[in-house]
1. With the checklist (1) part of a loop (DSSP other than H, G, I, E, B); (2) small (Gly, Ala, Ser); (3) crowded, with 24+ Cβ neighbours inside 10 Å in hand, flag the one item ALA177 doesn't pass.
2. Would you mention how many residues in the range 477-511 are out of contact with any helix residue (DSSP H, G or I) (no Cβ under 8 Å at 6 or more places or on another chain) and closer than 19 Å to MET350 by Cβ?
3. Out of (1) surrounded by fewer than 24 Cβ atoms within 10 Å (Cβ to Cβ); (2) in contact with a strand residue (DSSP E or B) (Cβ under 7 Å, 6 or more places away or on another chain); (3) of a type in the set (A, V, I, L, M), the odd one out for LEU46 is which?
4. Working only within the range 99-139, note down all residues that are small (Gly, Ala, Ser), under 19 Å from GLU27 (Cα atoms) and assigned to a helix (DSSP H, G or I).
5. Taking interchain pairs and intrachain pairs at least six residues apart, which have beta carbon atoms under 7 angstrom, with the first residue in the range 417-430 and farther than 17 Å from GLU48 by Cβ and the second of a type outside the set (Val, Ile, Thr) and in a helix (DSSP H, G or I)?
6. Filter the range 399-416 down to the residues that are within 19 Å of PRO351 (Cβ to Cβ) and either free of Cβ contacts under 8 Å to residues at least 60 places away in the same chain or among the hydroxyl-bearing types (Ser, Thr, Tyr) (or both) and list them by number.
7. The conditions are (1) surrounded by fewer than 21 Cβ atoms within 10 Å (Cβ to Cβ); (2) more than 20 Å from GLY49 (Cβ to Cβ), and SER386 fails exactly one of them. Which is it?
8. Restricting attention to strands (runs of 3 or more DSSP E) lying wholly within the range 350-464, give those where 3 or more residues are closer than 24 Å to MET231 by Cβ.
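The values are calculated or read from the model by the stated rules, or taken from the named source; none is laboratory data. This is a predicted model, so every value here is computed, not measured. Note that we place each Cβ from the backbone using ideal geometry, even for glycine, and neighbour counts take in every protein chain shown.
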Amino acid sequence: MNGARSLLATMGANGVTTVFANPGTSEMHFVAALDDVADVRAVLCLFEGVATGAADGYARVTGRAAATLLHLGPGLANGWANLHNARRARVPLLNVIGDHATYHARYDAPLQSDIAAVAGTLDGPVFNPRRPDDVATEAARAIAGAYGPPARVATLILPADVSWGEVPTPPAEWPVAMPTRAPAPDDDLLELAATRLRTTRSAVFLGGTATTQALMGLAQRIGAASGAKVMVETFPTAMDRGAGVFQPERLIYLSEFAVAQLADLETLVLIGTNEPVGFFAYPDVPSRLVGEDCHVVALAPPGTDAEAALAALVGLLDAPVVAPARGDAPEAPSGALTAQSLAAAIAATMPDGAVLSDESNTSGIHLYGATAFAAPHRLLTLTGGSIGFGLPVAVGAAIGSGSRVIALESDGSMMYTMQALWTMAREGLDVTVVALSNRRYAILDFERQRVGATGAGDASERLLALDQPTLDLCGVARALGVPATMVTTADELVSALRRSYATDGPSFIEVPLPAAF
């Protein structure tokens, strides 16, 4: 019994049964120990950013932690961007990083780095067992730290000699992390929120764990009883959507419009999230989106029991049950491919219970409205703004949910983590990738105008165009083992989507689109 086997046994005892891995030399004893632990599934990813994004996606759809397995500091650095998205999503994640043997560190070998310092920037706890017999205890502490509340990215650094070293006395039972209950909302804040919801122009602002069908239904009742608006953050972690589900008003991404959207509010009650701020700074646009006179009530910030907060407000307001609005999904579109027909095609064909991993960026501007009355589904969005999230998250969501996943992915962000397609093919995952191709970083065209950087010469243009050479997206997908096709009309897109849903395993549909704006 070595340290690696001890780690895997502790993971299994705590329900961490999936590990997304891109290992190296320091992790080979962990890899070998997988042969002895049948209840932990290892999934190979060809890039660390795919492994970390997949662990994020798995947690979003299951509510449970998956593990990563990364190689030393550079491996952690390669995976950091999607760990940042997971941090912003506030999901539980066990981030296992192999390290040099403890006695080797002083020689400053080429891959030596300060892993703890890099991991510490993720704002989660960092554990670094120095003896094999400490691994199980530290692993259980790390898993407990991952679940919080609030949920976090917890890192376990595993030196090679701790991994291969023998555990002198294996425990009779592997340690199990004791769950910590989320604290209830403060009674005084509940009374304040209820009073201000009744008497001022107000909104209930949802995010984090408060975007399930049940909790949004409670928020709908609060809004109906008090006259308050019910809103949701721009990029929710995992949001229930579709027919029969109450749909809050989504905060607009563009700061200028979000300021106008919130301008008349006298009270904003936060449930599951923090006060909204601008995604970026812009000349002459405030960073804080609510007005200076708006009273922000942080009733249930991340880590607080959001359900208890909403249920208490329902009671204080004596809010009756309200039926969600009814409507129809769009008809399957025909004719030209546009941002509107793309959204309609997705909404019209989406299978019941699907997961929608959305990194459509500018091409998906009509998606939220079009899918309001589509088949019930879950929406996963880019919580941390670090692109290259959509395909890896789709991998983890497919493994965690067992449902059909639709990954809407723009060509520029897709190229960050295209290796995820190989893992989809290898694992036979039911993922439909809709590759939105406008051959540009179109979002940067738009942002360039917003920040007032008006240069339009050849040098700046070359940094925004994705041509010369043109990306052969279908060719890359096929090379990574995923069947691929390009569609040129809305009719072809609808047919390709339906064919994909009826076929086991992944498929790739390239959709050439003009820039939406």
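1. Result: ALA177 fails condition (3) only.
2. 9
3. Evaluating LEU46 over (1) surrounded by fewer than 24 Cβ atoms within 10 Å (Cβ to Cβ); (2) in contact with a strand residue (DSSP E or B) (Cβ under 7 Å, 6 or more places away or on another chain); (3) of a type in the set (A, V, I, L, M) leaves (2) as the failure.
4. Those that are small (Gly, Ala, Ser), under 19 Å from GLU27 (Cα atoms) and assigned to a helix (DSSP H, G or I): ALA105, ALA116, ALA119, ALA136, ALA139.
5. Pairs found: LEU429/ALA398; ASP430/ALA398.
6. SER401, GLY402, SER403, VAL405, ALA407, GLU409, listed by residue number.
7. (2)
8. 354-359, 377-380
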